[in-house]
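The values are calculated or read from the model by the stated rules, or taken from the named source; none is laboratory data. Nothing here was measured: the structure is a model prediction, and the numbers come from that model. Quick reminder, even Gly has a Cβ in these numbers, built from the backbone with ideal geometry, and neighbours come from all protein chains shown. With ligands, DNA and RNA removed, areas are computed over all heavy atoms of the protein, side chains included. Shrake-Rupley method; radii C 1.70, N 1.55, O 1.52, S 1.80 Å.
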Amino acid sequence: MERADLPPGLPSIAYNGAQRVLARNWTGSSTVPSRALYPHQWSWDSAFIAIGLRHVSPDRAQRELETLLTAQWQDGRIPHIVFNPAVPLTAYFPSPDFWRSSTAGDKAGAPATVETSGIVQPPVHALAAWLVHRADPAASTRRGFLRRVYPRLVAWQRYLTGRRDLGGRGLASIVHPWESGMDNSPCWDQPLARIEPADVRTFHRADLDHGCRADRPTDLDYGRYVRLAASYRDRGYADDAGSHPFAVEDPALNALLIASEHALAEIAAVIDADPADHLVRAEELTTNLLKRLWNPDAGMFLCQDVITGEHITERGVSGLIPLILPDLPDEVVAALVRTATGEHFGLGGPSRLAPSYDLTGRAFDPSRYWRGPAWFNINWLLERGLRLHGATEQADALRAEALSAANATGFAEYVDPFTCEARGSQDFSWTAALTIDLLMEPHVEPLATQAQGASHA
């Protein structure tokens, strides 16, 4: 599978190495992000993993998503962790006995037979389901894959657009920094400062048993995360407007919400449902995203603190993710590309991969988790967005750097954006999965271009 646009030997070496990672991390029904640090099933990890797995085994990719969806709550939420009961409680914190989903989440419809967390992660799942179907449409249709997952994916969207529209502005809010997927981004510092942290003596951070303290969130941050999660749990995971001490409209989560509506329109057309509702919702959400979170002075989208009603001025990579959307105004696309390649994110310049936070920002740190390092799933999304909007040269360069870095670091969890030195865990599943996808899928077709009145294989 050699490619003329990549160094000789790299595609085969990277593909085989990525396959081995996914095989080692497969549990029989789903894939753990890493065997040591993350020994359970994570929500958006599984979506990205399925996107890569579709090239290796479409059947496994379908099972990855189906396993996750069996833990969906009756209110529609897909929890960010599905716990494996065979894993000791001490292996990960917060553990199932902290979240107590089957009891504390009873009124919200948490499943009684499996323990989960009570918070969510970004909605990549509909996009993943659509791409997995396209990997082998005949087999997917025989198994009834899309027909089975479609109602669950719609319920997931409606949870976010309904119960999580905490600002009443037509956008979904996160109620915990972990829900963004970008756990300790400096974008959350300002709203987190209102939260009284839990005493660090009341919990044990299992992450520090497997990771370098300098790479991980601080104890102060962790204390605030624990306080927020415990408060949410003690309210029965209720999403009453005004009850959350932390509520932020995040551009990346909302962009993925919009991309999911486009994917659901494609899915609806295949299963003879009406795609029109999804296309209308995608248009409405895009309008709201532009109206509420676009900041022309910053040249990117900014997060909004729902409680204060103010933009958060920190430039996180979250504000570039709307590049994945097909219906942005040309001037917004041009500004996002300028910002991605300019002084703040440095693509094509000092940064080999897009950092998770502004290179010139007050809190930039190339080593500490989401405060500066580069992540492969984020760069996969940016590569897709750049390619979608015709920035082919930048997309090709980003793809080549991502593939080189993934292979050289043993599929690291994240890397230094300048040197691509490995950080966090190695043998990380979404890095391996997205490596395979970048090797196999250098071109991107816009979603929902055929959904209205279309018929797919």
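How high is the relative contact order of the stretch 65-134? Use alpha-carbon pairs under 8 Å, at least six apart in sequence, and give a whole percent.
37 percent
Counting only protein heavy atoms and a 1.4 Å probe, tell me what percentage of the stretch 141-290's accessible area is made up of carbon and sulfur.
About 50 percent, which is the carbon plus sulfur part of the accessible surface.
Considering the zone a paramagnetic label at Asn295 would reach in this model (a point 7 Å from Cα along the Cα-to-Cβ line), which residues of the stretch 232-248 have amide N under 18 Å from it?
247-248
May I ask for the net charge around Leu166, where only other residues with Cβ less than 10 Å from the Cβ of Leu166 are counted and Lys, Arg are +1 while Asp, Glu are -1?
-1
On the first, second and third principal axes, largest extent first, how far apart are the outermost C-alpha atoms of the stretch 236-284 in Å?
That gives 42, 24, 14 Å along the principal axes, largest extent first.
Over the Cα atoms of the stretch 1-113, how large are the radius of gyration and the largest Cα-Cα distance (Dmax), in Å?
16.8, 57
What does DSSP give for the stretch 270-420 in terms of the percent of beta bridges that are antiparallel, rounded to the nearest 5? Don't skip to the end; give the middle numbers.
Details: 8 of 9 bridges.
Antiparallel bridges: around 90 percent, rounded to the nearest 5.
Can you give the Rg to Rh ratio of the stretch 338-443, both from alpha-carbon atoms, with Rh computed by the Kirkwood formula?
0.94
Give the ranking of Glu115, Glu310, Glu249 by solvent-accessible surface, highest area first, calculated with a 1.4 Å probe. Before the final figure, lay out each step's value.
Details: Glu115 55, Glu310 100, Glu249 0 Å².
Of Glu115, Glu310, Glu249, the descending order of accessible area is Glu310, Glu115, Glu249.
Could you quote the convex hull projected area for the stretch 136-248, Cα atoms only and averaged over all directions, in nm²?
Working: hull surface 41.6 nm².
Mean shadow area of the hull around the Cα atoms is 10.4 nm².
Report the FRET efficiency, 1/(1 + (r/R0)^6), for Asn16 and Asp396, where r is their Cβ-Cβ distance and R0 is 35 Å, rounded to 0.05.
Efficiency, from the Cβ-Cβ distance: 0.95.
Where the only charges are on Cβ atoms (+1 Lys, Arg; -1 Asp, Glu), what is the dipole of the stretch 168-300 about its Cα centre, to the nearest 20 debye?
My answer is approximately 540 debye.
Describe numerically, in nm with one decimal, the distance between label points set 7 Å from Cα along Cα→Cβ at Met440 and at Arg134.
1.3 nm
Quick check: net charge around Gly319, other residues with Cβ under 14 Å of its Cβ, Lys/Arg +1 and Asp/Glu -1?
-2
Skipping prolines and chain starts, which residues have an amide H placed within reach, meaning under 5 Å, of the one on Met300, given they are 5 or more residues away or on another chain?
Asn295
Which of these values of Rg/Rh (Cα atoms, Kirkwood Rh) was calculated from the structure shown: (1) 0.93; (2) 1.05; (3) 1.00?
(1)
Dipole magnitude of the chain about its Cα centre, charges +1 at Lys/Arg Cβ and -1 at Asp/Glu Cβ only, in debye to the nearest 20?
About 960 debye.
Based on C-alpha coordinates, I'd like the Rg and Dmax of the stretch 251-402, in Å.
15.8, 51
For the stretch 267-310, divide the Cα radius of gyration by the Kirkwood radius and give the resulting Rg/Rh value with two decimals.
So for the stretch 267-310, dividing Rg by the Kirkwood Rh gives 1.21.
Just the number please: accessible area per residue for the stretch 174-300, 1.4 Å probe, all protein chains included, in Å².
Using a 1.4 Å probe on heavy atoms only, each residue of the stretch 174-300 averages 35 Å².
Which ³J(HN,Hα) values, rounded to whole Hz and listed in residue order, are derived for the stretch 77-84 from phi using the Karplus coefficients 6.51, -1.76 and 1.60 in 6.51 cos²θ - 1.76 cosθ + 1.60 with θ = phi - 60°, glycine and proline given as x?
For the stretch 77-84, the Karplus curve yields 5, 9, x, 6, 9, 10, 7, 8 Hz.
Take each of the peptides 69-80, 40-51, average the number of other beta-carbon atoms within 10 Å over its residues, and list them starting from the highest. Walk me through the numbers before you get to the answer.
Values: 69-80: 21.1, 40-51: 26.9.
Result, highest mean Cβ count within 10 Å first: 40-51, 69-80.
Give me the distance between the Cα centres of the stretch 381-428 and the stretch 254-316, rounded to whole Å.
25 Å
At 0.36 nm per residue, and after removing the present C-alpha to C-alpha distance, how many nm does the segment from Arg362 to Glu196 gain when stretched out fully?
Numbers: separation 166, 0.36 × 166 = 59.76 nm, distance 2.29 nm.
Full extension from Arg362 to Glu196 adds 57.5 nm.
Which net charge results when you count Lys and Arg as +1 and Asp and Glu as -1 among the other residues whose beta-carbon is under 12 Å from that of Asp136?
That works out to +4.
Just subtract the alpha-carbon distance of Arg142 and Cys212 from 0.36 nm times their residue separation and send over the number in nm, one decimal. Mind showing how you got there, number by number?
Numbers: separation 70, 0.36 × 70 = 25.20 nm, distance 4.68 nm.
Difference between extended and current length: 20.5 nm.
Measuring from label point to label point, each 7 Å out along Cα→Cβ, what is the Ser243 to Asp97 span in nm?
It works out to 2.7 nm between the two label points.
Can you check how the C-alpha radius of gyration of the stretch 114-171 compares to 2.2 N^0.38 Å, as a plain ratio?
Rg over 2.2 N^0.38 Å, computed on Cα atoms: 1.39.
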